[in-house]
Amino acid sequence: MHKRLSFIALVLLVIGLPAPVAGADVALGTRSLLGGLVEMLVPTSFQPMPEDLLRLKYPMERRPTLVLANETGSVSVALNHTRDPVPLARLSEFHRALEGSFRRLYPSAVWFRSELTALNGRQFILLELRTPALDSEIRNLMLATSVDERMLLIAVNMTKELESQWLGPAHRMVQSVTVKK
């Protein structure tokens with residue numbers, strides 16, 4: 001289980017191009033995602049990440065199901081309803097394992113939060129940390145829960161240089177997540 005968690009964590013944290021985007025539009029709008037499974041606020045300017053950028057930012061074959069991002073990919077939201085079994089009754093155990101995987105993968109990470117929390121009527125794991133990248137650091141806000149006994153992961157990422165502009169909207173995005181099942 002730890003190998004799988006490490007792989008999932010790595011996939012969700014990899015974000016490539018850290019170039020800052022001046023004047024990024026942070027207007028948020030409600031979007032229905034993953035075939036209506038998730039509803040959340042997303043920047044209205046975000047579009048699905050092009051395939052070539054997906055391959056660059058997520059070099060492993062198991063990419064998230066959906067990645068929405070700004071033009072350069074320096075701010076993104078990734079969603080993945082995996083096949084990995086995670087019963088809701090074991091979410092607390094999965095939280096400990098997921099946090100442990102991140103702490104092993106990124107020993108120099110700066111941690112802001114790691115908790116179980118209720119959002120809009122559903123229990124979620126919430127991890128917030130800053131991890132090293134090639135030429136920047138990445139702020140990661142990550143949610144995980146169980147839907148149909150399978151793991152649903154949602155990650156909002158931004159480069160450290162963009163935190164002052166994007167951290168507020170990222171927190172609003174995370175707080176808005178509603179699972180429709």
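Each value in this text was obtained by applying a stated rule to the coordinates, not by laboratory testing. This is a predicted model, so every value here is computed, not measured. When we count neighbours, we look across all protein chains shown, and the Cβ atoms used for this are built from the backbone with ideal geometry, even at glycine.
Would you point out the residue of the range 146-166, among those that are among the aliphatic types (A, V, I, L, M) and assigned to a strand (DSSP E or B), that is surrounded by the fewest Cβ atoms within 10 Å (Cβ to Cβ)?
Val147
Would you mention how many residues in the range 60-115 are touching a Ser or Thr at 6+ places or on another chain (Cβ under 7 Å) and in a loop (DSSP other than H, G, I, E, B)?
6
Quick check on my filter: what residues within the range 112-159 are among the polar types (S, T, N, Q) and either closer than 20 Å to Leu37 by Cα or out of contact with any strand residue (DSSP E or B) (no Cβ under 7 Å at 6 or more places or on another chain) (or both)?
If the condition is that a residue be among the polar types (S, T, N, Q) and either closer than 20 Å to Leu37 by Cα or out of contact with any strand residue (DSSP E or B) (no Cβ under 7 Å at 6 or more places or on another chain) (or both), then Thr117, Asn120, Gln123, Thr145, Ser146 are the ones that fit.
Just one of (1) crowded, with 18+ Cβ neighbours inside 10 Å; (2) in a strand (DSSP E or B) trips up Ala118, so point out which.
(1)
Any residue at all in the range 99-108 that's in contact (Cβ under 8 Å) with a residue 60 or more places away in the chain and loosely packed, with under 13 Cβ neighbours inside 10 Å?
Yes: the range 99-108 contains one or more residues that are in contact (Cβ under 8 Å) with a residue 60 or more places away in the chain and loosely packed, with under 13 Cβ neighbours inside 10 Å.
Of all residues being among the small types (Gly, Ala, Ser) and part of a loop (DSSP other than H, G, I, E, B) in the range 126-145, which is farthest from Thr82 (Cα to Cα)? Just the residue, please.
Ser136
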